[in-house]
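Here the structure comes first, spelled out in structure tokens, and everything after it is commentary.
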Amino acid sequence: MAALHVRQAGPGVAVQDLGRTGFLSKGLTRGGAVDRLAVHEGAALLRQNPDLAVLEMVGTGGTFEATEDMRIALTGAEMTAHIDGAAVAWNASHALAKSSVLNIGPTRTGTYGYLHVGGGFDTKLMLGSRATHQSCGLGDLVTADDTLQVGADRGGDAGLTLPRDTRFDGGSIRIVPSMQTSDFAQETRESFEATTFRRDPRANRQGIRMDSDGDGFATPKALSIVSEVIVPGDIQITGDGTPFVLMAESQTTGGYPRIGTVLSCDLPRVAQAPAGAALRFQFVSLEEGAAIEARARAAWAALPKAVTPLVRDPATLQDLLSYQLIGGVVSATDAPLDKG
Amino acid sequence: MAQASNVHAMTTLSTYSPKVRSVGLDGVLVTFGDTATDEANRAAIAFRSAVDAQGWSEVSESSSTLVSAFFRIDLAEHRFEQLSDRLQSVLATRDWFAASLPEGRALWTVPAVFGGARAPQFDEAAEAAGLSKVDALRDLTSTRLRVLTLGFAPGQPYLGTLGDAWNIPRQKELTLNVPAGALVAAVRQICLFAKDTPTGWRHVGQSAFACFRPRGDTPFPLAPGDEIQFADISAVELSRIEDTVTNGSGGAIRTELA
């Protein structure tokens, strides 16, 4: 069976998939990859099922050696990537020959990078999923000397790419009203929408803190709110008025009021915003939200059609910055020797 | 720690009019009270069970919290108004505050140490409750507590409801690490910790009961509506259980509730 041998791994590398459902009543949240779009992109690049397990990498990746020929894909936050020392493109699939070494270095944009393999990672199923949920004792971070088994690959092309998405530098996030939105004063909701937030460095798979100047967004009703169900994307307002967007590994219930809920299709943008990136939240009605979400799902499902062969991608050029791309432009229609 | 403030003793059935609300595009919440009362919790458990029994295709899964039943429904695909109407019509079929709890629940007898080095805040909790140690121990071991909800950590029960005396506030300062299996008290509830946890609740007892057994056949032994009665044991007996019982049960005995 094919496997990736881990020579070295960054501090936040873990096997994830789309998570486990059916355990809300037991106090266990879905978990799984925080950027679900990246999981779908990887599946599209490898022409396989998005349910297959992937590696999620925060900050930096690691060094991996293939025990057999295999296909890989790289999605999500762009990281430096080399196969046997040669730079390879992000957001693309590649052949990784037996004994080749894949090195994934620091993040260039965004926060969460993903490594996919043809056939998916075949780690042990835990409660119906391969998703690592560390705080619950389900799975462990990937560390040096681990061997990650790879499932049977139905085979297919490598050297494919997808257009780069824009979700890696913050931006506008659509939210729908939720169960406690009306517990916030109208002016608090308006000021929340009008505020440009900065993603705080304090962020993890449970939640992401949003910073802003000003008084915060507290509601006096917070003190009397009974602990209530949490869904991914809920924006809870803590006692001092600070918003936290709750992510894949949040608790199943919480006592802080929720001002709104980020649409699932916009959650990857929140997840990928690097520390300091500007984010704004915009309310849409439940009906509009449903329509936006339905369109996004159709687009995610159509990703395989957007895959194109990887040709002359500048990202494959080693040391891109050393190329002189601006000055000395040679025009096809202008013969420079004619001048002067 | 989950909030469960404003617990009131109520002698009459609630006149609260249940609320049906959307939760993001992820589901519908039916709430039976503004405060964490025993009957709101019973109503939530009974209502969830009744809707589950109808097997709606739109419902992917359901859960219950202290005062609400939650139905996970994809609201990008199903209109909230329609689901809300259907839930309202189920609500109208009866007085859910008077509903009996669903069948198939279990009674657990869980051995635990109260006080001493293994449960160092028992004395101070008794004092905060205005009870002698004897009376406090009697309350904690003679009251059949119901699993109000599971949450905060997988499989972790919030148990209620103790008498009014136990409406003791959480401490302002967190205790940095209370071990798994601990019984902690606040706001008329006991929480039985699934894992080591910093908390503002007071550490009154210690069991060897594992609330989450990810590698066993029954990863989540407890369900909302189950009942727990604690049996007072010595620290020596707890050590013996810890050394000899390896299946996570901590020496607890499960019986079906008729």
Margin query: Contact list please: Cβ distance under 7 Å, first residue in the range B:167-181 and assigned to a loop (DSSP other than H, G, I, E, B), second residue among the acidic types (Asp, Glu) and at pLDDT 90 or above, pairs at least six apart or on different chains.
Written below: B:179/B:196; B:180/B:196
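Of all residues in the range A:215-237, which are within 12 Å of chain B (Cβ to nearest Cβ), surrounded by fewer than 23 Cβ atoms within 10 Å (Cβ to Cβ) and among the polar types (S, T, N, Q)?
A:224, A:236
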Item checked: Filter result (among the β-branched types (Val, Ile, Thr) and under 17 Å from residue B:142 (Cα atoms)) within the range B:227-254 -> B:228, B:233, B:253
Notebook entry, point to check: Quick one: how many residues across the range B:146-160 are aliphatic (A, V, I, L, M), touching a helix residue (DSSP H, G or I) at 6+ places or on another chain (Cβ under 8 Å) and more than 9 Å from chain A (Cβ to nearest Cβ)?
Noted result: 1
Note to self: Please count how many residues of the range B:208-236 are of a type outside the set (Gly, Ala, Ser) and within 14 Å of chain A (Cβ to nearest Cβ).
What the structure shows: 13
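If you scan the range A:295-313, which residues turn out to be assigned to a helix (DSSP H, G or I) and among the basic types (Lys, Arg)? Give the steps one after another, and end with the answer.
Within the range A:295-313, the subset assigned to a helix (DSSP H, G or I) is A:295-301, A:303-306.
Of everything in the range A:295-313, those that are assigned to a helix (DSSP H, G or I) and among the basic types (Lys, Arg) turn out to be A:295, A:297, A:305.
With B:197, B:149, B:161 as the choices, which residue is among the polar types (S, T, N, Q), over 12 Å from the mean Cα position of the chain (by Cα) and either within 14 Å of residue B:230 (Cβ to Cβ) or not assigned by TED's automatic domain parsing to the domain that holds residue B:70 (or both)?
Numbers: B:149 fails: over 12 Å from the mean Cα position of the chain (by Cα); B:161 fails: over 12 Å from the mean Cα position of the chain (by Cα).
On inspection, the qualifying residue turns out to be B:197.
Here is a yes/no grid of residues against (1) free of Cβ contacts under 8 Å to residues at least 24 places away in the same chain; (2) surrounded by fewer than 24 Cβ atoms within 10 Å (Cβ to Cβ):
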position	(1), (2)
A:9	no, yes
A:20	no, yes
A:27	no, no
A:32	no, no
A:53	no, no
A:56	no, no
A:75	no, no
A:78	no, yes
A:82	yes, yes
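Condition check ((1) within 14 Å of chain A (Cβ to nearest Cβ); (2) over 28 Å from residue B:102 (Cα atoms); (3) surrounded by fewer than 24 Cβ atoms within 10 Å (Cβ to Cβ)) across all residues:
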residue: B:140; (1), (2), (3): no, no, no
residue: B:143; (1), (2), (3): no, no, yes
residue: B:162; (1), (2), (3): no, no, yes
residue: B:167; (1), (2), (3): no, no, yes
residue: B:187; (1), (2), (3): yes, no, yes
residue: B:193; (1), (2), (3): yes, no, no
residue: B:199; (1), (2), (3): yes, yes, yes
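Go through the range B:212-238 and report how many residues are under 15 Å from the mean Cα position of the chain (by Cα) and more than 22 Å from residue B:49 (Cα to Cα). Reasoning before the result, please.
First, pick out the residues of the range B:212-238 that are under 15 Å from the mean Cα position of the chain (by Cα): B:212, B:220-230.
When the remaining residues are screened for being more than 22 Å from residue B:49 (Cα to Cα), the result is B:212, B:229-230.
Counting residues in the range B:212-238 that are under 15 Å from the mean Cα position of the chain (by Cα) and more than 22 Å from residue B:49 (Cα to Cα) gives 3.
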Notebook entry, point to check: Say we look at the range A:17-34 and pick out the residues that are polar (S, T, N, Q) and assigned to a loop (DSSP other than H, G, I, E, B); which of these is farthest from the other protein chains (Cβ to nearest Cβ)?
Noted result: A:29
Next item on the list: All but one of (1) part of a loop (DSSP other than H, G, I, E, B); (2) in contact (Cβ under 8 Å) with a residue 60 or more places away in the chain hold for residue A:292, so report the exception by its number.
Entry: (1)
Notebook entry, point to check: When you go through (1) buried (at least 24 other Cβ atoms within 10 Å of the Cβ); (2) modelled with pLDDT of 95 or more; (3) facing another protein chain (nearest Cβ under 9 Å) one by one for residue B:36, which number turns out not to apply?
Noted result: (2)
Check: So which of B:119, B:126 is under 22 Å from residue B:171 (Cα atoms) and either in contact with a Lys or Arg (Cβ under 6 Å, 6 or more places away or on another chain) or surrounded by fewer than 19 Cβ atoms within 10 Å (Cβ to Cβ) (or both)?
Finding: B:126
Check: Inside the range A:101-217, counting only strands (runs of 3 or more DSSP E) that do not spill past its ends, which hold 1 or more residues that are among the hydroxyl-bearing types (Ser, Thr, Tyr)?
Finding: A:101-107, A:112-117, A:147-149, A:171-176
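Kindly state which strands (runs of 3 or more DSSP E) lie completely within the range A:40-88 and contain at least 2 residues that are of a type outside the set (A, V, I, L, M). Break it down stepwise before answering.
Values: elements: A:54-58, A:62-66, A:70-76, A:79-83.
Those strands (runs of 3 or more DSSP E) span A:62-66, A:70-76, A:79-83.
Condition check ((1) of a type outside the set (Ser, Thr, Tyr); (2) surrounded by 15 or more Cβ atoms within 10 Å (Cβ to Cβ); (3) within 17 Å of residue B:147 (Cα to Cα)) across all residues:
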| position | (1), (2), (3) |
| --- | --- |
| B:207 | no, yes, yes |
| B:213 | yes, yes, no |
| B:220 | yes, yes, yes |
| B:238 | yes, yes, no |
| B:241 | yes, yes, no |
| B:244 | no, no, no |
| B:251 | yes, yes, no |
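The values are calculated or read from the model by the stated rules, or taken from the named source; none is laboratory data. Worth saying up front: this structure is predicted, and the values here are computed from it rather than measured. Glycine also receives a Cβ, built like all others from the backbone with ideal geometry; neighbour counts cover every protein chain displayed.
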